[in-house]
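One structure is given here, and the rest of the page talks about it.
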Amino acid sequence: MQDRLGNQELRFTRSRKELIVLETPGENLEEFNKSSSSLCLRWSNKQKSNHIGHNIAWSLELEPKENNLTWTPQQDKSELSESFCLTGLSHAYQKYALTVRRRYNDSRAHWSAPLVHEFVTAPAIPSRPPIVWPGGYQFKAYTSNSNFHSNSNSTSTSRELLVYWQQIQARERNGPQFKYHVQVHNSRLNTSVENLDIQVETNMASIRNLPTSGSYEIIIRSENSVGKSKESSHLMISQEAGSGLEKRIPKYLEVSKANKQISWQHVEQRENLIGYSVYWCVSNVTNRNKCNNSMAIEMNRVDAQRNYYDTPMAIDDSYEWAVSANYNGTLLSGGMIWRQWTPHAIPNLKTADQNSRHGLEGVIALLILAGCLYLLFRKYKYMSNIKVDLPPGVLIGGKDEHIELLPSHQQNQNHRHHRNHLGAPVEIPNILSANIKPLDLILPTVAGEIYASPSSPPTRSPVSSNSSSSSSLTPYVPVDPRQNSNSLNYITMQSLAANTNPVNQSNPISDYVMATPFYR
């Protein structure tokens, strides 16, 4: 290189390994000796003889990744081909993507263009059975239709056993035509139970026509086109009479979205209780009575002293929740209860407590109201039995006669023309009046004289001079409540001689004395 400063020279060396880029492997690629955990590859290599005596480095990338992957060259009889075996693959019937590069074993050498090859390992039996929980079941009623005659249908209600499990992962299925296999054994007779209607799904099974009494063992295996898994999961269920399973089922499952908490009512049988299992799954969009088949049922445990579970995620309507009790020893769980799927499990605990409290308050209120009504009734009955004993002579006539209030025609006529300060007519109700007989006092030589006002001279109303008539004298006072009390004064009575002659009697009733009405 030449510039203003003159000729510039830099000397360096390059080895053959740095200068040569090896050809891309994989020409005419073929597989052989494929198993569930290994794969062998063979391809053409026409330039194989050009690299004799040189070490070749290989770069391998595998998706999904494997930790124990090995790449071993194989002896090949042909000079124009080479072969390698890939071992350490963990999963059968698993799709892998292999990327292979090569170069001379020199850090300064360049990698060849990559070979990308996708393959699927050979199938094998499933790796394991699904996970089954001791309380992962539920008895549920269903309606069945039976045809006893050609033209008639009969509907009956029966019980079906629902068994839940946590399905295995897709890469553990190890083969096509994957499914779960369910068997039912009679624990006491150690025989298989026949004639059952078993419907198996991804995460549950429905078992119908199960005898209503006995102890049973549910055996669940994973199965594919190769065969069934070696291991199996077992679930013990008892339908013996008096087993008390209903006392070992939690009740009233509550979900609090605000507190991210699941709570329930403790089981009745607390003896040998070691804890609770809480389950949740993603809801099935088309059927809320099932979990989403593509998602696994999850589970966590809490101790026996707690009847709540704090969830690690936000709670919304996309999840379904269940809980079951776990017991120690041979005591079996009563099964699980789902929040949405069991009608009596839906009520909220706090709502139930509030309803109970409100119910108690309502009962107390009714008792108080009943007491008040009873007291009012007693008071009314007591007051209705009150009798007024008037002194002799107060009533007008005999003992059965009562005071009669009669309207005063003249006074009521004047009221009809009454007007207010604006001149508008004012309707005033009729004024009633009555003659009230004063006490019959034993005054053989005394009669009464009544004054209308202390300021005016007394007006004497003498009675008959005949002394015998004084004993028959009975003065009455007409009462008119219409008069204004401000213009009235109290009246007084004065004793007169019995031989005074009566004059100017204004009362139309014979032997009576009219006096000005008064208020007291």
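Summary of computed values
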{"read-out": "Sole residue being hydrophobic (A, V, I, L, M, F, W, C) and under 30 Å from R306 (Cβ atoms), chosen from I249, I207", "value": "I249"}
{"read-out": "Scan of the stretch 36-59 for residues that are within 60 Å of the chain's Cα centre (by Cα) and exposed (fewer than 14 other Cβ atoms within 10 Å of the Cβ), ordered by number", "value": "S59"}
{"read-out": "Scope the stretch 298-318; condition touching a Phe, Trp or Tyr at 6+ places or on another chain (Cβ under 9 Å) and over 20 Å from L332 (Cβ atoms); matching residues", "value": "E298, N300, R306, N307, Y308, Y309, T311, M313, I315"}
{"read-out": "Long-range neighbours under 7 Å by Cβ, at least six apart or interchain, first residue under 19 Å from W165 (Cβ atoms) and in contact (Cβ under 8 Å) with a residue 40 or more places away in the chain within the stretch 182-207, second of a type in the set (D, E, K, R) and surrounded by 15 or more Cβ atoms within 10 Å (Cβ to Cβ)", "value": "S206/E160; I207/E160"}
{"read-out": "Yes/no for A92 being among the aliphatic types (A, V, I, L, M), in a loop (DSSP other than H, G, I, E, B) and closer than 27 Å to Q177 by Cβ", "value": "yes"}
{"read-out": "The stretch 60-85 - residue that is open to solvent by 40 Å² or more (accessible area, probe 1.4 Å) and in a strand (DSSP E or B) and, of those, farthest from A97 (Cα to Cα)", "value": "Q74"}
{"read-out": "Subset tally (residues that are modelled with pLDDT under 85 and over 23 Å from A296 (Cα atoms)) for the stretch 316-335", "value": "3"}
{"read-out": "Every residue from the stretch 308-326 that is closer than 17 Å to Y137 by Cβ, touching a residue at least 60 places away in the same chain (Cβ under 8 Å) and under 21 Å from the mean Cα position of the chain (by Cα)", "value": "W321, A322, V323, S324, A325"}
{"read-out": "Yes/no for S356 being modelled with pLDDT of 65 or more and polar (S, T, N, Q)", "value": "no"}
{"read-out": "Among the candidates N186, N195, N203, residue that is open to solvent by less than 40 Å² (accessible area, probe 1.4 Å) and over 34 Å from the mean Cα position of the chain (by Cα)", "value": "N186"}
{"read-out": "Breaking point among (1) touching a Ser or Thr at 6+ places or on another chain (Cβ under 8 Å); (2) open to solvent by 20 Å² or more (accessible area, probe 1.4 Å); (3) aromatic (F, W, Y), for Y279", "value": "(2)"}
{"read-out": "Matching residues in the stretch 98-114 - criterion: being part of a strand (DSSP E or B) and open to solvent by 30 Å² or more (accessible area, probe 1.4 Å)", "value": "R101, R103"}
{"read-out": "Residue in the stretch 81-97 that is of a type in the set (V, I, T) and touching a residue at least 12 places away in the same chain (Cβ under 8 Å) present", "value": "yes"}
{"read-out": "Checklist (1) without any contact (Cβ under 8 Å) to a residue 12 or more places away in the chain; (2) in contact with a helix residue (DSSP H, G or I) (Cβ under 9 Å, 6 or more places away or on another chain); (3) among the hydroxyl-bearing types (S, T, Y) applied to Y252, failing item", "value": "(1)"}
{"read-out": "Residue check for K95: among the charged types (D, E, K, R), within 26 Å of A170 (Cα to Cα) and open to solvent by 50 Å² or more (accessible area, probe 1.4 Å)", "value": "yes"}
{"read-out": "Every residue from the stretch 282-307 that is buried (at least 17 other Cβ atoms within 10 Å of the Cβ) and touching a residue at least 24 places away in the same chain (Cβ under 8 Å)", "value": "S283, K290, C291, A296, I297, M299, V302, A304, N307"}
{"read-out": "Selection count where residues are open to solvent by 50 Å² or more (accessible area, probe 1.4 Å) and modelled with pLDDT of 50 or more, scope the stretch 336-353", "value": "3"}
{"read-out": "The listed residue being surrounded by fewer than 14 Cβ atoms within 10 Å (Cβ to Cβ) and at pLDDT 90 or above, out of E31, E9", "value": "E31"}
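Rundown of residues vs (1) more than 28 Å from Q177 (Cα to Cα); (2) at pLDDT 90 or above; (3) hydrophobic (A, V, I, L, M, F, W, C), yes/no style:
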position	(1), (2), (3)
R14	yes, no, no
S36	no, yes, no
C40	no, yes, yes
N45	yes, no, no
L62	no, yes, yes
H110	yes, yes, no
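The values are calculated or read from the model by the stated rules, or taken from the named source; none is laboratory data. Quick caveat: nothing in here was measured; it's all calculated off a predicted structure. Every residue, glycine among them, receives a Cβ derived from its backbone with ideal geometry; neighbour counts consider all protein chains shown. Areas reflect the complete protein model, heavy atoms only, side chains present, ligands, DNA and RNA absent. Shrake-Rupley method; radii C 1.70, N 1.55, O 1.52, S 1.80 Å.
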